[in-house]
Structure formats: structure tokens, C-alpha cells
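Report on the structure given below.
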Amino acid sequence: MYRQAKYDEPLIFELGKKGRKAHIPPRCDFSRDKIKIPENMIRTTPPELPELHEGEVMRHYVRLSHMNYCIDVNTYPLGSCTMKYNPKINETLARSEKLMYMHPNQPVETAQGILEIIYELQVALANLAGLKYTTLQTPAGASGEYCGLALIKAYHEDNGDTQRDEIIAPDSSHGTNPASTVMNGMKLIEIKSREDGRVDMDALKAAVSDKTAGLMLTNPNTLGIFEDDIIEMSKIVKEAGGLLYYDGANFNAIVGKVRPGDMGYDVLHFNLHKTFGTPHGGGGPGSAAVCCNDLLEPYLPVPTIDYDKDKDYYFFNYDRPKSIGKLHGYHGNIAVALRAYAYIAALGFKGLVNTAEQAVLTANYAVRKLEKLDGFRIAGGKDIPRKHEGVLEATPFLRNYDVSGMDIAKMIISRGLHAPTVYFPLIAHEAWMVEPTENENKDRIDQYVDTVAEEMEKAKADPDYAHHAPTWTSVGRIDSGWSIRNLVVSYKILKDKREKGEYVP
Ligand SMILES: *Cc1c(COP(=O)(O)O)cnc(C)c1O
């Protein structure tokens, strides 16, 4: 599958020749003067489309698909992302023509089936959260956070507590937490984690005040450690008048085991595209469910999808005067919600609990095995069992052999494995964040760790090889600093740069 790194993989534009055709579109059966497009917006030259025959188009895209890495190809232990297998039955359901050709504007009477499914999913997720209400409008975890914090903000404003504009979050939190806080016009108060990776309670006590809007906590945290003091934390924040936000993006380790609502939390988001078996990566589409309790329910985005028991009728409820408004076109990424529904329905409660247990088992097995390799050490408390993931630090390896965690990650790509999440969370050094999920069996994890071990041996003998990895991929080591500063996404600009002989890594 992998070839020697090279930069000359042709773009589809480079493959064609003028006049070659794969498809002749049907003749236009309406006259142009019937459509009122402003004169200045009508193009005067035809678009430059690639011209090649069907066979070549097929080869091009199949070749590209072979260069793609996905969970259906091999192990994908990308920490904090829960790259689990997405059962194909989910796809079958989501692609059912009965659902696919529905339109969000069609009369509600004709959409009772899909609304019932969404309603049932809302209830199932609310039950897992231990909270009463759910919206499925937000299309990503970050968007769910934005929504949840907006509910908290609306609650305080409604109570005349406008000075409450501080969100407390530990320094191990996901990068989206501070971003969602700032996007909501609130201030982030970052608190330190202890040596063992858990929240420092003294730091929390010092951080709360009459300006506290709430605490935003990821649990299990990004080191894969469960916050044992969570009940006490809730008390401290509640006593200070703040609310509690649970980042449940990665719920894989605890689904069906504990419920954030029972821990005193007021609002949470789940990433359906992590825990609930829907595909993600490559930028989407995703879906987050935001669940909340009675305190925050009045502010939920419009419309909510509600059920009238007397009439046995599902409907969009816009009659919500305190709502924070609409956060997404129509009703969210329904096809993703459908996949999550299929996943939950297929597994049932026992199945979900079993998933959580298996996820914890594989994570601990993988992390303990990796920890024993010369050059790795575990981040956070050594003796604390991990939940869905664990973080290793390659600091000793860098010190002893001048080969970084990033280099080792690049090397295993050459071996046809996906790299872990590296250099996150920021509280760990040379971080390697590993989350195998429940889908990997012992043989696969052994194989993964053995491959890492072999590559580390190679790196010790030949650091230069490590610094230039990966070698057996379509694209070699990317100059990431350059790429961020000089992002080229236009084919024309790229071609122009290459023709001028400019540096394009
Ligand atoms: C993935 C993740 C998010 C963000 O989810 P997106 O869908 O990528 O926006 C937030 N918090 C945690 C803990 C996550 O792992």
C-alpha cells in the first residue's frame, strides 16, 4: 500500500488531455434568460475542468483511496479521538432512501418517523448522561461546548448575575475548552493539575469566587485518569454559585458506568462521532449531543424536538422565549445521529457497558506494555489505572538517543500503522497519547507495541533514519512550520510555485 515518499503524485488536472471525455452531460433543457443571474456574476470563460476518460478517473480515485488510512484498514489508536470501528449496519440505516431523501422543510406530519428516532436518541443519551434534556443540533464537540457554555451564560444573565463571566478549567483540558469559553465572551481561569495528573483541589478552591460562571471538566481527563474528587469539586463550585460543565466528548470508558448528572453536573456534551460509533476524521461531519438539567433547559437552542403524548405527535418547538437561539442550519447532522441511534440500539445498555469495559482493558494493556519500552515513561500517576487512554512521554528516548516522540510516531507510519496523538496534552512532554478502543484484540496490540519497539531499536542504531521518517508513504516528512505559515490549497498557486522552482515542501 505504501510507496517510497515522493511528491509527484499527479493531480487529476495533470492526467487529462483536452477533448478526452468520461461523461457527456444531458442537454440543458431550460433557457438561460429564465434564470436571473446578475450580469457581473455570469462567467465569461468556461471552467477549467479536468478532461479524462472514465477508466482514468476510476484509477485516480481508487489510487487515492489506497493512500488513505482508516480504521477499516488497520489499528488507529489516536488518543482523545476514539477511532473505533463504525459498524456497517449504521451506514445501511443512514443511507436508507426513506431517510436520505427527506427534506428538513417537509411538513412535520410526514416526518413523524424520523422525529421519533431523534426523540428516542435524545432520551437514550439523556439517560446515559443522568440529565433530562438533549439537543442534537450542534455538529461537533467544540460546537457542543459552545452551546453548553452559552446555556450557563444565559442562566447567570437571567438571574441577574452578569458579573459571573469566568470559566475554570484544568490545564489538562482539551484545546477546544478555552476556545469555547472565549467564543462565549467569558474568561478562562486555568488551574494546575497535580503531579499525578488530577485536578489540584487547593488551586480549585483558590480559583472560585463570585465571578465564577462554572467549571469545565473533562473526565476521564486527557491523561486517561478519572477525577476521584469529582463530588467534592462539584460542591466547591456549587457553593461558589457556579455551574458544572462536563466535557463528555470521550465517554467510551464510562458509558453506562457512571452518570455526570449523578456527580452534580448541569450540562454535558457527548461526541456521537467518538463514543457512539459514527465515522469521523478528515474534518467531519460530526455531531454532538448536549444534555442538561432543569436549570438550563429553558435556554436550549430552538427548535427542540418534543413529543405531545396526548396527540402522539412529534414536533419542532419554537415556543421557547429564553432560548439562546439557533446554532445550526435546520436540526443538526441527522445522518450522524441516525448512525449513533443504530449503534446504541444494536448494542443495548449491556452492550454499551461491555464496550466501556473492553475499552478500559485494551487501553491499560497497551499503555502498560508501551511503558516498559526503553525510552518511554507514563505521564501522570504511575499506579493509577487508566480509563479509555493513556499518555506516554518519550522524554528519556529524546535525551538518550536524540530521537523525539514525533520521530518515533513518523517511523511507525512507515510500517503501515497510524501514529498516536503526539505532543498533547500540553502538561505532558514528548507526549504519545494512545487509545486503542475496544475494537483491538490482544494480538493486534501486541503487534502494535512490537512494531513500535522495533522502530525504536532502529532509531537507536540510526537516528538519521528516524529524523527523516516516514519513508514509505506518498508524502514524506512535511515541513509543518512552513505549511502552517504558507498554506497552499490552490492547485494553480501550487503549480505556479513549482514552475518557478520555489520551495514547496
Ligand atoms: C474531541 C474532543 C473535543 C472536541 O470535539 P470536536 O468534535 O473535535 O470539536 C472536545 N473535548 C474533548 C475531551 C475531546 O476529546
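The values are calculated or read from the model by the stated rules, or taken from the named source; none is laboratory data. As the structure is a computational prediction, the values presented were derived from the model and not from experiment. Every residue, glycine among them, receives a Cβ derived from its backbone with ideal geometry; neighbour counts consider all protein chains shown. For accessibility, only protein heavy atoms count, side chains too; no ligands or nucleic acids. Shrake-Rupley method; radii C 1.70, N 1.55, O 1.52, S 1.80 Å.
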Handout entry: Leading residue by the ranking (surrounded by the fewest Cβ atoms within 10 Å (Cβ to Cβ)) among those in the stretch 378-398 that are basic (Lys, Arg) and within 26 Å of the chain's Cα centre (by Cα)
Key = Lys387
Problem - From Glu457, Glu502, Glu440, residue being assigned to a loop (DSSP other than H, G, I, E, B) and open to solvent by 30 Å² or more (accessible area, probe 1.4 Å) - result: Glu502
Handout entry: Search result, residues across the stretch 81-91 that are at negative phi and either touching a residue at least 24 places away in the same chain (Cβ under 8 Å) or in contact with an Asp or Glu (Cβ under 8 Å, 6 or more places away or on another chain) (or both)
Key = Cys81, Met83, Lys84, Tyr85, Asn86, Pro87, Ile89, Asn90, Glu91
Fill in the blank from the handout: Considering residues that are in a loop (DSSP other than H, G, I, E, B) and free of Cβ contacts under 8 Å to residues at least 60 places away in the same chain, the number found within the stretch 389-403 is 1
Problem - Enumeration of residues in the stretch 81-114 that are open to solvent by less than 30 Å² (accessible area, probe 1.4 Å) and within 16 Å of the ligand (Cβ to nearest atom) - result: Thr82, Met83, Lys84, Asn86
Problem - Residue pairs meeting the criteria (Cβ under 6 Å; at least 6 apart or on separate chains; first more than 11 Å from the ligand (Cβ to nearest atom), in the stretch 168-181; second among the basic types (Lys, Arg)) - result: Asp171/Lys192
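To keep it simple, each residue is scored yes or no on (1) touching a Pro at 6+ places or on another chain (Cβ under 6 Å); (2) of a type in the set (A, V, I, L, M, F, W, C); (3) within 16 Å of the ligand (Cβ to nearest atom).
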| position | (1), (2), (3) |
| --- | --- |
| Leu215 | no, yes, yes |
| Ile231 | no, yes, no |
| Leu243 | no, yes, no |
| Gly248 | no, no, yes |
| Val267 | no, yes, yes |
| Leu272 | no, yes, yes |
Practice task
May I ask you to list the residues in the stretch 250-263 that are modelled with pLDDT of 95 or more and either in a loop (DSSP other than H, G, I, E, B) or under 18 Å from Val353 (Cα atoms) (or both)?
Solution key: Phe251, Asn252, Ala253, Ile254, Val255, Gly256, Lys257, Val258, Arg259, Pro260, Gly261, Asp262
Problem - The one condition in (1) more than 17 Å from Val123 (Cβ to Cβ); (2) in contact (Cβ under 8 Å) with a residue 40 or more places away in the chain; (3) not acidic (Asp, Glu) that Lys311 fails to fulfil - result: (2)
Exercise for the section: Check every one of the strands (runs of 3 or more DSSP E) wholly within the stretch 264-311 and list those with 2 or more residues that are open to solvent by 10 Å² or more (accessible area, probe 1.4 Å). Expected result: 304-308
Exercise for the section: For Cys28, indicate whether it is under 30 Å from Gly277 (Cβ atoms) and either surrounded by 12 or more Cβ atoms within 10 Å (Cβ to Cβ) or at pLDDT below 90 (or both). Expected result: no
Exercise for the section: Considering each of Leu327, Leu417, Leu347 in turn, give the residue that is within 28 Å of Tyr146 (Cβ to Cβ) and not β-branched (Val, Ile, Thr). Expected result: Leu327
Exercise for the section: Would you tally the residues in the stretch 126-141 being under 22 Å from Tyr318 (Cα atoms) and either within 16 Å of the ligand (Cβ to nearest atom) or not assigned by TED's automatic domain parsing to the domain that holds Tyr341 (or both)? Expected result: 5
Practice task
Considering (1) at pLDDT 95 or above; (2) touching a Phe, Trp or Tyr at 6+ places or on another chain (Cβ under 6 Å), say which one Gln137 fails and leave the rest.
Solution key: (2)
Exercise for the section: Mind telling me which of the residues Ala340, Ala335 ends up being in the same structural domain as Asp171 (by TED's automatic domain parsing), surrounded by 24 or more Cβ atoms within 10 Å (Cβ to Cβ) and within 30 Å of Tyr101 (Cβ to Cβ)? Expected result: Ala340
Exercise for the section: Would you be able to say whether some residue in the stretch 117-127 is at pLDDT below 95, open to solvent by less than 30 Å² (accessible area, probe 1.4 Å) and under 21 Å from the mean Cα position of the chain (by Cα)? Expected result: no
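Matching residues to (1) closer than 23 Å to Gly416 by Cβ; (2) touching a Pro at 6+ places or on another chain (Cβ under 9 Å):
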position	(1), (2)
Leu64	yes, no
Leu78	yes, yes
Asn86	yes, yes
Leu99	no, no
Fill in the blank from the handout: The residue that is modelled with the lowest pLDDT, considering only those in the stretch 277-310 that are within 14 Å of the ligand (Cβ to nearest atom) and closer than 30 Å to Gly242 by Cα, is Gly286
Exercise for the section: Could you list, in sequence order, all residues of the stretch 52-80 that are open to solvent by less than 50 Å² (accessible area, probe 1.4 Å), touching a residue at least 24 places away in the same chain (Cβ under 8 Å) and more than 31 Å from the chain's Cα centre (by Cα)? Expected result: Leu52, Val57
Completion exercise
Scanning the stretch 460-487 residue by residue, those surrounded by 15 or more Cβ atoms within 10 Å (Cβ to Cβ) and hydrophobic (A, V, I, L, M, F, W, C) turn out to be Ala466, Ala469, Trp472
Handout entry: So Lys369, is it at pLDDT 95 or above, surrounded by fewer than 14 Cβ atoms within 10 Å (Cβ to Cβ) and over 18 Å from Val123 (Cβ atoms)
Key = no
